[in-house]
Amino acid sequence: MKMSEFQRQHPLMIPYKAGKQFFGIILPIILISLLTGLREGEFSIGWTHLLGVLGVFCLFLFYNFLEWFFFYYQVVDGILHIRSGILIKNERYIRPERIQAINTRAGIFLRIFNLLTLTVETAGGSGEAELNITALRAEEAERLEKKLAINSENMSPTEPQTCTGNAFSLSPRDIIISGLTSGNFLILFSILGVILSQAYPIIPDWFWDFVFLFVSERGPVIVGFLILILLLLSWIISSIKEIVQLGKFSVYRSGDEIKIAWGLIEKKSMSLEAHRVQAISLEEGILRLPWRLREVKPEIVGRATEGGEEASVLYPLLRPEDTPEFIQSILPEFSWREKLKPLPQRARIRYIFRTTILFLLLSLIFSLIPFFQPYGLLTLILIPPALYYGNIRFKETGWAIEDNYIFIQNRLLARQISIIPYSNIQDLRLTINPLQRRKRLATLQVGVASSPNARIFKLKDIDQETARQFWYWFSRSRS
């Protein structure tokens, strides 16, 4: 029997994890307490405070030492054997056929010592990686991957990669464009709003008195101006964050493995088995629509969710002229078709109504709230743009059936083109509500397996004859 000795993580795992836990959990609590004391005029730092903080950090060090001391791993004939647990002892065996990917990441601290964090993902994961080695030398990571019989080249984030197949990488210009047009600033805007709302107890009273006086004198106009300032700040911060995260982004195909590497400060890599990609969506965000710049998102089955947000993006910025080559090189199991068939004209009014009704309700609400008067009635000017946008949504919704693939294009804010192979379809449904029946329309729902939940693609208000065409195609293919 071919065996390898039990091994531990690098000892630097102890201060590294202790520091992350301390700065992520305890330090914010300490800062809020100090700021609250400052607001109430009781701000002071004594030796007892410093010793208390030091004691908490030492507890984190001690706990992570125990975690490091009782964690072992080895590989026996390709089977991963893990021992862990401080009080409750755990032993796990992971067979090579269950392993979906070995991913790595390395922040600044780990890169100084030529270390990285390695995770092993398995089929049907519970949301966490089966194995997470926080501090491992790059050379040992390569040997471990070979022992686990992963049929792919090592992708260490500390060294440039070579590939045997076609590769796509983002140029510095594309990285900047991707950061500026990502659209993630809306998420950050909401987060900043929550932070400001929770920061009330630690902000001096004189500041809030000034704000309320300033707003009450100038009304909702200044509120809108402050919202625009916050949006601009969110856009700048999110753009910088996106640029740093996507630095040196590259993807290539080697056999059945798709390898992805990215990151300027924290370098990461991810492997993805191509046969587990059930469908792909090419999404054009609202800031990218004028140039038709696309983000490629795969629907993956049988993976843990340890990859987080990155695991949902296959390529962050793809131009229309590069789309056929990208699909042919990275995902040759899929097909591509640029022109799709439109919806019937009688479906136009339904798309316009669904888009406009929301703005009508908002106009009514703002018109009835005294705080927004007399500006509330100005919201009625949103109705014409809503009518126009509903018409745009109708015109940019389409479909196609080509050989063994379904193409579905939808538009809400972003425009999305989804490609679904018939062999990956688990469920195809056709529904008709009473209003659709009058206009001989139907709704198509196509379901594919994905992690953590199944993915449903919808196409609303197609012709009933088209719906029967989908059903005939799917039934004949399955037979």
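Among the residues of region 217-246, those that are touching a helix residue (DSSP H, G or I) at 6+ places or on another chain (Cβ under 6 Å) and either at pLDDT 90 or above or aromatic (Phe, Trp, Tyr) (or both) comprise Trp235, Ser239, Glu242, Ile243, Leu246. Against the numbered list (1) touching a strand residue (DSSP E or B) at 6+ places or on another chain (Cβ under 6 Å); (2) closer than 16 Å to Thr134 by Cβ; (3) of a type outside the set (Phe, Trp, Tyr), Ile112 comes up short only at (1). Scanning region 440-465 for residues that are surrounded by 15 or more Cβ atoms within 10 Å (Cβ to Cβ) and at pLDDT below 95 turns up Ala449, Ser450, Ser451, Arg455. The criterion of being touching a Gly at 6+ places or on another chain (Cβ under 6 Å) and of a type in the set (A, V, I, L, M) does not hold for Leu282. Mind listing whichever residues of region 102-125 are in contact (Cβ under 8 Å) with a residue 60 or more places away in the chain, farther than 22 Å from Gly247 by Cα and part of a strand (DSSP E or B)? Residues satisfying the conditions are Glu121, Thr122. Restricting Glu130, Glu140 to those that are modelled with pLDDT of 80 or more and not hydrophobic (A, V, I, L, M, F, W, C) reduces the list to Glu140. Among the β-branched types (Val, Ile, Thr) and assigned to a loop (DSSP other than H, G, I, E, B) - does that describe any residue in region 264-285? Yes; the residues of region 264-285 include at least one that is among the β-branched types (Val, Ile, Thr) and assigned to a loop (DSSP other than H, G, I, E, B).
Being assigned to a helix (DSSP H, G or I), surrounded by 15 or more Cβ atoms within 10 Å (Cβ to Cβ) and either modelled with pLDDT under 85 or touching a helix residue (DSSP H, G or I) at 6+ places or on another chain (Cβ under 6 Å) (or both) is a property that Phe60 has.
Ile260 - would you say it is in a helix (DSSP H, G or I) and either among the aliphatic types (A, V, I, L, M) or under 30 Å from Gln328 (Cβ atoms) (or both)? Taking the combined requirement at face value, the residue does not satisfy it. Taking Arg346, is it of a type in the set (D, E, K, R) and exposed (fewer than 15 other Cβ atoms within 10 Å of the Cβ)? For Arg346, the condition - of a type in the set (D, E, K, R) and exposed (fewer than 15 other Cβ atoms within 10 Å of the Cβ) - is met. Among the residues of region 244-272, those that are of a type in the set (Val, Ile, Thr) and closer than 14 Å to Tyr315 by Cα comprise Val251, Ile258, Ile260. Output yes when any residue across region 413-424 is under 26 Å from Phe326 (Cβ atoms), in contact (Cβ under 8 Å) with a residue 60 or more places away in the chain, surrounded by fewer than 19 Cβ atoms within 10 Å (Cβ to Cβ) and hydrophobic (A, V, I, L, M, F, W, C), and no when none is. Yes; the residues of region 413-424 include at least one that is under 26 Å from Phe326 (Cβ atoms), in contact (Cβ under 8 Å) with a residue 60 or more places away in the chain, surrounded by fewer than 19 Cβ atoms within 10 Å (Cβ to Cβ) and hydrophobic (A, V, I, L, M, F, W, C). In region 281-300, the residues that are of a type in the set (Phe, Trp, Tyr) form no Cβ pair under 8 Å with any partner that is buried (at least 20 other Cβ atoms within 10 Å of the Cβ), whether six or more places apart or across chains.
Quick grid of which residues meet (1) modelled with pLDDT of 75 or more; (2) within 32 Å of the chain's Cα centre (by Cα):
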residue: Met3; (1), (2): no, no
residue: His10; (1), (2): yes, yes
residue: Pro15; (1), (2): yes, yes
residue: Ala18; (1), (2): yes, yes
residue: Ile26; (1), (2): no, yes
residue: Ile45; (1), (2): no, no
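Remark: Asp427 matches the filter, which requires a residue to be closer than 23 Å to Lys297 by Cβ and among the acidic types (Asp, Glu). When region 425-439 is filtered for residues that are under 31 Å from the mean Cα position of the chain (by Cα), of a type in the set (Val, Ile, Thr) and surrounded by fewer than 19 Cβ atoms within 10 Å (Cβ to Cβ), only Thr431 remains.
The values are calculated or read from the model by the stated rules, or taken from the named source; none is laboratory data. Computed from a predicted structure; not experimentally measured. All Cβ positions, even for glycine, are placed from backbone atoms using ideal geometry, and neighbour counts span all protein chains on display.
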